[in-house]
Amino acid sequence: MDREPSAFLERKGGVIQPPQFQVPQPEWVIGKHALLGVEAVVRGGRTELWPTIRRIPYQWPGVLHYQDHDDQPFMLLHNSGGGFIEGDVAQFQMHALPGTRVLMTTTGANKFYKCETGGHCQDLVEVHLGSGCLLEYLPDEVIPYRNSSFSRSTRVCAPADARIFMTDVLTAGRLHHGDTGGETFVFTRMRSETALEIGGRLLWLDRLVAETPQAVADLEALWGGHPVMATVLAYAPDLPVDLPDRIHALIEQDDRVKAAVTCIDGKLLCMRLLADTAWSVHESIFAIWSVVRPSLAGKPARVISKP
């Protein structure tokens, strides 16, 4: 049986130009540079995901789950390394063809372990969406260990008619580690970037850089002493005009989280959350998703059950 998706066959015939996926380089050490390139296509009335290129420790589950039992697959990004040790790189790319709908999350928190010899870790995520696509990306939190050094980048490029809900949750470290009640703001270096490009225009760019002890201390002050910070973005060309007010009313009811929401161009909602625990942030994100998802995806939010 021919298992190549029809869109891929059309592309080979010249109808659609193939996207350029990153390919392994000769200098990459096996097991140190994870690579996964995924293509989303519509087939048989639903979205299917196909690994175009894969390199350990990124794993491909082999089975697609449809959490809402509809046309939208539920994808778990799984790095079998369990975390980043010194020198590790993880690179994920997805190209979604027009009309596809994808829900993505991770199997667990992204942990960055200590770097003892001046090395660095990188976590790179890049998603390109076609016309009419829906992307929902809700990864677990990032946990930097003592003396870790890392950079991370999440970039989504989409046309103006796409629909996007994406989150980013950063912690300051292991909040309940050891006998001292936690290990926070003791990483060595951090660079974190989230970018959203719509219709060729950079609509959102969020950079957080702390690469010196003073910068790390300044970051703690910027967060008001809270060890968890999250960003939530929701984009659609036709967001309801009352959505910001509804989210304002929602987040004001939760005294565990300090939050604010703003709207850009009437199409992009930007939300920032500060809290003392990761689980309270995730609960707030789910509450926000519950308000936003019917407008983005035409269905209610469901608690994400991970196989």
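The values are calculated or read from the model by the stated rules, or taken from the named source; none is laboratory data. Note that the structure is a prediction, hence the values are computed from the model and not measured. Counting neighbours? That spans all protein chains shown, and the Cβs are built from the backbone with ideal geometry, glycine included. For accessibility, only protein heavy atoms count, side chains too; no ligands or nucleic acids. Shrake-Rupley method; radii C 1.70, N 1.55, O 1.52, S 1.80 Å.
Of Pro57, Pro24, Pro98, which has the largest mean-square fluctuation in a 10 Å C-alpha GNM of the chain?
Pro24
Computed from the coordinates I sent, mean projected area of the Cα convex hull in nm² equals one of [x] 21.5; [y] 23.0; [z] 17.1. Tell me the label.
[z]
Hey, what do the phi angles of segment 113-125 turn into as Karplus ³J(HN,Hα) couplings, whole Hz, using 6.51/-1.76/1.60 and θ = phi - 60°, x for Gly and Pro?
So the Karplus estimates, Gly and Pro as x, are 7, 5, 10, 9, 10, x, x, 8, 10, 9, 10, 10, 10 Hz.
Using the structure shown, list the pairs from Lys111/Lys306; Lys32/Lys114; Lys32/Lys111; Lys114/Lys306 with a Cα-Cα distance above 21 Å, or answer none.
Lys114/Lys306
For Lys299, go through the lysines and keep the ones whose alpha-carbon is under 23 Å away, minus same-chain ones fewer than eight residues off.
Lys267
Sort out for me the Cα centre separation of segment 211-227 from segment 77-156, rounded to whole Å.
23 Å
Taking the Cα centre of the chain as origin, sum charge times position over the Cβ atoms of Lys and Arg (+1) and Asp and Glu (-1), and report the length of that vector in debye to the nearest 20.
Roughly 540 debye for the chain.
Per DSSP H run of n ≥ 4, the term is -39500 (n - 2.57); total these for the chain, divide by its residue number, and report the mean residue ellipticity at 222 nm rounded to 500 deg cm²/dmol.
That comes out to -4500 deg cm²/dmol.
In sequence order, what are the phi-derived ³J(HN,Hα) couplings for segment 164-172 according to the Karplus relation 6.51 cos²θ - 1.76 cosθ + 1.60 with θ = phi - 60°, rounded to whole Hz, with x for glycine and proline?
9, 10, 9, 10, 8, 10, 10, 10, 8
Go through Glu126, Glu283, Glu141, Glu39 and list them by solvent-accessible area, largest first, probe radius 1.4 Å.
Solvent-accessible surface, decreasing: Glu283, Glu126, Glu141, Glu39.
Label-point separation (nm) for Asp245 and Thr52, each offset 7 Å from Cα along Cα-to-Cβ?
4.4 nm
Convert each backbone phi in segment 75-85 into a coupling constant with the Karplus relation 6.51 cos²θ - 1.76 cosθ + 1.60 (shift: θ = phi - 60°), then list the ³J(HN,Hα) values in order as whole Hz, x for Gly and Pro.
Computed from phi, the couplings for segment 75-85 are 10, 9, 7, 10, 9, 5, x, x, x, 9, 9 Hz.
Specify the residue with the greatest mean-square fluctuation among His95, His282, His176, computed from a Gaussian network of the chain linking alpha-carbon atoms under 10 Å apart.
Highest fluctuation among the options: His176.
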